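Heads up: the structure comes next, in structure tokens.
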Amino acid sequence: MFRVKVCGVTSPGDAAHAVACGADAVGINFYRGSRRFVDEGVAREIARAVGDRAAVVGVFVNAPPEAIVELCGRLGISRVQLHGDEPAEVAGRIPLWRMKAVHAGGRVDLAGLPAYPCEAFLVDAGVPGEYGGTGRELHWKSLRDRFGELLAFPGAPVRGRAWALAGGLTPENVERAIAAARPLAVDVASGVESAPGRKDPEKVALFVERAKRGLLLAGA
């Protein structure tokens, strides 16, 4: 499990800078409805820029599992983020490391999540009609009460799955968010951008530094 992921990178330079700053993972968005979408050619350049220095995570929204496996195979990507409304049977047909997004900005049906076939969860705010990158914050302190049986928390008996916190995180609030929510990892997209898909080098550096400090203090 990564600790700090910079998601929605759209250029090899942004990816390389994030890794140089200490990011453990970068996310490449293959959802055509996203402002951070990149095609296969650019994705290949990004993956090459990262190399084996960090994890590359392919982000998909309601894509056919066969298409996900084929694309990731061509690009050498072994980790995927399912950020749509993918049912368990779809995730079960993807023989890769999987992280499932839980859109926690509203009411969440927890019935099928404990048995969902994935290695980790991403807890994001979610906005109707959009899938991530909205900059909307969650009520961080409520997450343990809402998802305590689903998620693992530092220093607590291991009950649930590894998870990353996303949604409205910035260099200015990431340490407070970690202290309140106590995630095992964090994920940022819009909070370190100068424009959609264009990462701000200074914001990326500050975010990674502060996120790692916050995770260390939280015992994650």
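Summary table below
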| item | result |
| --- | --- |
| Selection of trypsin sites (Lys or Arg not before Pro), region 41-96, meeting DSSP coil and at most 14 other Cβ within 10 Å | ARG53, ARG93 |
| Carbon/sulfur fraction of accessible area - the chain, other protein chains in place, 1.4 Å, % | 50 |
| Per-residue [θ]222 nm for the chain (sum of -39500 (n - 2.57) over DSSP H runs n ≥ 4, rounded to 500) | -8500 deg cm²/dmol |
| Stokes-Einstein diffusion coefficient of region 1-108, Kirkwood radius over Cα pairs, 10 °C, 1.306 mPa s, in µm²/s | 114 |
| Extension gain (nm, one decimal) between ALA179 and ARG35, 0.36 nm per residue minus Cα-Cα | 48.8 nm |
| Debye log10 I(q)/I(0) for the chain, one point scatterer per Cα, at q = 0.08, 0.15 Å⁻¹ | -0.24, -0.91 |
| Dipole axis of the chain (+1 Lys, Arg; -1 Asp, Glu on Cβ), positive-most option in GLY73, PRO201, PRO183 | PRO183 |
| Length released on extending from ALA88 to LYS141, taking residue separation times 0.36 nm less the Cα-Cα span | 16.3 nm |
| ASP85 accessible area, assembled protein chains, probe 1.4 Å, Å² | 100 |
| Antiparallel bridges, percent of DSSP beta bridges restricted to the chain (to nearest 5) | 10 |
| Point-charge dipole on Cβ atoms (K/R +1, D/E -1) for the chain, about Cα centre, debye to 20 | 440 |
| Dipole magnitude of region 9-124 about its Cα centre (Cβ charges: Lys, Arg +1; Asp, Glu -1), debye to nearest 20 | 160 |
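The values are calculated or read from the model by the stated rules, or taken from the named source; none is laboratory data. Everything numeric in this text was worked out from a predicted model, so none of it was measured. Cβ coordinates were reconstructed from backbone atoms using ideal geometry, including for glycine residues, and neighbour counts include every protein chain displayed. What goes into the accessible areas is simple: the full protein's heavy atoms, side chains included, and nothing from ligands, DNA or RNA. Shrake-Rupley method; radii C 1.70, N 1.55, O 1.52, S 1.80 Å.
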